[in-house]
Amino acid sequence: MLASERDQMAQEIFEQCLAIMQSKSQDYATEDDVFSNYTLSAKQAQISPERVFLVRISEKVSRLGVLLAGREPNHESLEDNMLDIINMAANMLMLYKKKNV
């Protein structure tokens, strides 16, 4: 793969991730705090929001292992899980940056 092809593919993936992030935020978070679902989960589990992200990312990585081993998904595809991992990592980074500004 040429660098230009990689860059084009990355651009398309990141645009898709942003669209998914915006859509899921409407489903899961409040309008005034896009991280509200993670902070509420953290409070309920008595862990940090960062730990919530780690748990969710670990869950998706485990699911990738199952799907890569050949199991056919009923709902989320291999690609769906990869996009979710990208978004969770991006959200975790944004929360980290927000806290450390």
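Looking at the stretch 53-70, can you tell me whether even one residue there is modelled with pLDDT under 90 and of a type outside the set (D, E, K, R)?
no
Taking the residues in the stretch 11-33 that are aliphatic (A, V, I, L, M) and touching a residue at least 24 places away in the same chain (Cβ under 8 Å) as candidates, determine which candidate is nearest to Leu93 (Cα to Cα).
My answer is Met21.
A quick yes/no check of all residues on (1) surrounded by fewer than 16 Cβ atoms within 10 Å (Cβ to Cβ); (2) small (Gly, Ala, Ser); (3) not in a helix (DSSP H, G or I):
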{"residue": "Ile13", "(1), (2), (3)": "yes, no, no"}
{"residue": "Cys17", "(1), (2), (3)": "no, no, no"}
{"residue": "Lys24", "(1), (2), (3)": "yes, no, no"}
{"residue": "Tyr38", "(1), (2), (3)": "no, no, no"}
{"residue": "Ser41", "(1), (2), (3)": "no, yes, no"}
{"residue": "Gln44", "(1), (2), (3)": "yes, no, no"}
{"residue": "Ile47", "(1), (2), (3)": "yes, no, yes"}
{"residue": "Arg56", "(1), (2), (3)": "no, no, no"}
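What number goes with the only condition from (1) surrounded by fewer than 15 Cβ atoms within 10 Å (Cβ to Cβ); (2) part of a helix (DSSP H, G or I); (3) more than 12 Å from the chain's Cα centre (by Cα) that Glu76 does not pass?
Going through the list (1) surrounded by fewer than 15 Cβ atoms within 10 Å (Cβ to Cβ); (2) part of a helix (DSSP H, G or I); (3) more than 12 Å from the chain's Cα centre (by Cα), Glu76 breaks only (2).
The values are calculated or read from the model by the stated rules, or taken from the named source; none is laboratory data. Computed from a prediction, not measured in an experiment: that's the story for all the values here. Cβ sites come from the backbone with ideal geometry, for glycine too, and all protein chains shown count toward neighbours.
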